[in-house]
Amino acid sequence: MDMHNKWLRRFLKLLLFLVCLAGLGAAFWQLAPSYAKAPVLQALRWGQEKAIHYDLISGSEVTNIRQVMTADPSTSRTIMWQSSFAQENPVVEYRVKGQNDSQTVSAAEEKFTDGGKETYIHTAYLTKLKPGTDYEYRIRYAKKAGNWLALHTFKGNDFKALVFPDSQSSDYSVWKETAMPAWERNQDAQFFINMGDLVDNGEDASQWNAWFDVVEPMAEKIPVAPLMGNHETYNLDWKVRRPEAYMKLFSLPANGYKAYPNRFYSFNVGDVHFVVLDTQTQEMADFEPSLLADEMAWFKADMAKNQKKWNVVLMHKDPLQYAFNPETRPGADRKEGFSEEGRQWMPLFDQYHIDLVLSAHLHTYRNRGIIQNFQRAPQGPLYIITGVAGNVRYPSLWARHSLDVMVAPQPETDNYLVLEKQDNMLRIRCYLPNGTLLDTATVVK
């Protein structure tokens, strides 16, 4: 009995000691400075992360990864990808680079069938991000996870962007030979723009996959701001339809019209306001007869509330009309002047003080200088048609317009542009894929 009491007293003393020790530890933890706590917390997080095992996602399970432009890319980002099957609990996990704490955002999943081909499109929206911060993200589903990928939020008023003209091709390796050298030379670009006619046929899933295969090394790291072109409206029989695939493949800033999702939109980068137009009103006349009126009403409302210093318009179809080159198309009856899209939109560009208008569609690079009220002017928008980036080319097709300031050497091959904003200047440069500089245009404000 005495022996039993002796051990009981020892046990109670030990228990009391452990309770006191735990209390002292808790008090120490509360009083400890953050630099002392950090290694302990980091070790705990590391252990927790190691305890959760994810198998690595293979390239065939997740395809066409892209960051997509949002209205404010300094605080938000859209992440999209595709798969050939429904994925269990798809999410995007993201964290500040170099830290272990992460957050997850559920991804919406939509089954989409077009041209007899089925794909699952996944979309996740990252919000409340900190401006000017390096993040990293990865795609997860079920017990699988992809590699961590870079994501940088914008900050300040200066930036660099890559601009690619029509990339439609019969062989997208040519598009790759333009896009990838541009990206390799401009790893500091914060986003890229594709000026419409991304693909040659909007219903052909193989062409969309080929386009994404080319841009994925870039699009998984910086957001794309795409435009819709007329070729996005073609079905497999080369008849016009609504751009069903384009409207599903890019989740872009809302325009307030359910009838035109992802078709026209705007976004801000620093003190520059970008407006992306849908110029396919002729193609959509039988499907969407109110498109032009609705889009113009949206444009006016968007510009009325815009407070940014700079305004840039991106439109696929060109505002100018070119005559055919008599050497390549003798006897063709087409006079120079302004296109239907130009006559519709250019007065609004003057009214709302647009600084730069970039267009495409004609597969030629032309710097037309400043035009206001349909004529050369000392002030007004700078108009540039951006060229061609795929293998569908129109060599020496167009005559020189009386408003052309610079024309790319003919017969024309591929090119890309670099748009830079620095202090009080917008500068756009045109390059050949080998890095040869063709033209520089600057707007100072």
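Per the listing Thr281, Thr328, the residue uniquely among the β-branched types (Val, Ile, Thr) and surrounded by fewer than 18 Cβ atoms within 10 Å (Cβ to Cβ) is Thr328. Scanning the stretch 184-212 for residues that are within 17 Å of Val418 (Cα to Cα) and either among the hydrophobic types (A, V, I, L, M, F, W, C) or assigned to a strand (DSSP E or B) (or both) gives Ala189, Phe191, Phe192, Ile193, Asn194, Met195. Of (1) outside any helix (DSSP H, G or I); (2) over 28 Å from Glu288 (Cα atoms); (3) touching a residue at least 60 places away in the same chain (Cβ under 8 Å); (4) within 15 Å of the chain's Cα centre (by Cα), Val215 satisfies all except one. Which? The failed condition is (1).
With respect to being under 25 Å from Met228 (Cα atoms), assigned to a helix (DSSP H, G or I) and at pLDDT 95 or above, Trp175 fits the description. Any residue that is surrounded by fewer than 19 Cβ atoms within 10 Å (Cβ to Cβ), of a type in the set (A, V, I, L, M, F, W, C) and more than 23 Å from the chain's Cα centre (by Cα) - is there at least one of those in the stretch 338-356? Scanning the stretch 338-356, I find at least one residue that is surrounded by fewer than 19 Cβ atoms within 10 Å (Cβ to Cβ), of a type in the set (A, V, I, L, M, F, W, C) and more than 23 Å from the chain's Cα centre (by Cα), so the answer is yes.
In summary, Met69 fulfils each of the numbered conditions (1) loosely packed, with under 10 Cβ neighbours inside 10 Å; (2) modelled with pLDDT of 50 or more; (3) of a type outside the set (S, T, N, Q) with the single exception of condition (1).
Here is a yes/no grid of residues against (1) in contact with a Ser or Thr (Cβ under 9 Å, 6 or more places away or on another chain); (2) over 21 Å from Leu358 (Cβ atoms):
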residue	(1), (2)
Ser170	no, yes
Phe191	no, no
Trp211	yes, no
Leu227	yes, no
Pro261	yes, yes
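The residues of the stretch 131-146 that are surrounded by 12 or more Cβ atoms within 10 Å (Cβ to Cβ) and more than 19 Å from the chain's Cα centre (by Cα), listed by number, are Arg140, Tyr141, Ala142, Lys144, Ala145, Gly146. Taking the listed residues Ala161, Ala124, the one that is within 26 Å of Ile428 (Cα to Cα), at pLDDT 95 or above and assigned to a strand (DSSP E or B) is Ala161, with no other qualifying.
One line per residue, one yes/no per condition, for (1) more than 22 Å from the chain's Cα centre (by Cα); (2) more than 28 Å from Glu327 (Cα to Cα):
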{"site": "Ala360", "(1), (2)": "no, no"}
{"site": "His363", "(1), (2)": "no, no"}
{"site": "Pro378", "(1), (2)": "yes, yes"}
{"site": "Val388", "(1), (2)": "no, no"}
{"site": "Tyr394", "(1), (2)": "yes, no"}
{"site": "Trp398", "(1), (2)": "yes, no"}
{"site": "Ala408", "(1), (2)": "yes, no"}
{"site": "Thr413", "(1), (2)": "yes, no"}
{"site": "Tyr416", "(1), (2)": "no, no"}
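Here Tyr120 clears all of (1) under 27 Å from Phe192 (Cα atoms); (2) buried (at least 17 other Cβ atoms within 10 Å of the Cβ) except the condition numbered (2).
Any chance the stretch 271-293 includes a residue that's touching a Lys or Arg at 6+ places or on another chain (Cβ under 8 Å), of a type outside the set (Gly, Ala, Ser), within 18 Å of Ile371 (Cβ to Cβ) and touching a residue at least 12 places away in the same chain (Cβ under 8 Å)?
Yes - at least one qualifying residue is present in the stretch 271-293.
Residue by residue, here is whether (1) farther than 30 Å from Glu295 by Cα; (2) in contact (Cβ under 8 Å) with a residue 24 or more places away in the chain; (3) not in a loop (DSSP other than H, G, I, E, B); (4) not assigned by TED's automatic domain parsing to the domain that holds Val272 holds:
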position: Pro326; (1), (2), (3), (4): yes, yes, no, no
position: Pro330; (1), (2), (3), (4): yes, no, no, no
position: Arg334; (1), (2), (3), (4): no, no, no, no
position: Trp345; (1), (2), (3), (4): no, yes, yes, no
position: Phe349; (1), (2), (3), (4): no, yes, yes, no
position: Pro378; (1), (2), (3), (4): no, no, no, no
position: Arg400; (1), (2), (3), (4): yes, no, no, no
position: Pro411; (1), (2), (3), (4): yes, no, no, no
position: Leu419; (1), (2), (3), (4): no, yes, yes, no
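Scan the stretch 147-179 for residues that are touching a residue at least 12 places away in the same chain (Cβ under 8 Å), farther than 14 Å from Pro73 by Cα and over 16 Å from the mean Cα position of the chain (by Cα) and the total you get is 12.
The values are calculated or read from the model by the stated rules, or taken from the named source; none is laboratory data. Note that this is a predicted model, so its numbers are computed, not measured. In this analysis, Cβ positions are derived from the backbone assuming ideal geometry, glycine residues included, and neighbour counts consider all displayed protein chains.
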